[in-house]
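Participant: The structure that follows is given in the form of C-alpha cells.
Here, each number is a calculation from the coordinates, and none is a lab measurement. The model shown is predicted, which means the values in this text are computed figures rather than measured ones. Positions of Cβ are generated from backbone atoms using ideal geometry, with glycine treated the same way; all protein chains shown enter the neighbour counts.
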Amino acid sequence: MPMAMVVTRNVEPRYRGFLTSVMLEVAPGVYVAPDLSAGVRTRVWDVLSAWWSALRTGSIVLVWRDTQAVGNLRIRTLGAPPKEIVDADGVLLVKRQGDSRTSPTAL
C-alpha cells in the first residue's frame, strides 16, 4: 500500500471535510496517507472527480508511488494542465501535457 498525497487549491470546504476523513492534512490543502490502498485511492479520486465535474472550481493534484511508472510516481490532475513525469538522463522532470511552449520543470 503506497503513500498518496493530494494537493488542493481554491476548492470548496466539502473537499477538506472529505479528504480529512481518509487522509492527514499536514498543511493547508495538502493531504497525505502513508498506507492508502489502490482501491481506496480510486474511490477517493472518483468522489473528487465527480465533485470537480459538477463544481468546476479550483484544482486538485493526486500523486502516489507506482513502481511501474517513470520515477516510480503517478500524477492525476483536475483543473490544472495534465502533467507527466519524464526521465531526462536520470533527472526527473515534470512536463505539462498539451503545452508545447512550456519546457519541463525539475521535480
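Participant: Under the Karplus relation 6.51 cos²θ - 1.76 cosθ + 1.60, θ = phi - 60°, what is the ordered set of whole-Hz ³J(HN,Hα) values for the range 17-31, x standing for Gly and Pro?
Facilitator: x, 5, 5, 6, 7, 10, 9, 8, 8, 8, 7, x, x, 10, 10
Participant: If you don't mind, another one. Which one is right for this structure if Rg and Dmax of the Cα atoms in Å is calculated from it: [x] 12.3, 35; [y] 14.2, 42; [z] 14.3, 45?
Facilitator: Matching entry in [x] 12.3, 35; [y] 14.2, 42; [z] 14.3, 45: [y].
Participant: Report the full-extension gain for the segment VAL30 to ARG14: residue separation times 0.36 nm, less the Cα-Cα distance, to one decimal in nm.
Facilitator: 4.3 nm
Participant: Can you tell me the orientation of helix 38-55 relative to the chain, as the angle in degrees between its alpha-carbon axis and the longest Cα principal axis, to the nearest 10?
Facilitator: Orientation of helix 38-55: about 80 degrees from the principal axis.
Participant: Next question. In nm, give the distance between the simple-model label positions of VAL91 and SER37, each being 7 Å from the Cα along the Cα-to-Cβ direction.
Facilitator: In this crude spin-label approximation the distance works out to 4.1 nm.
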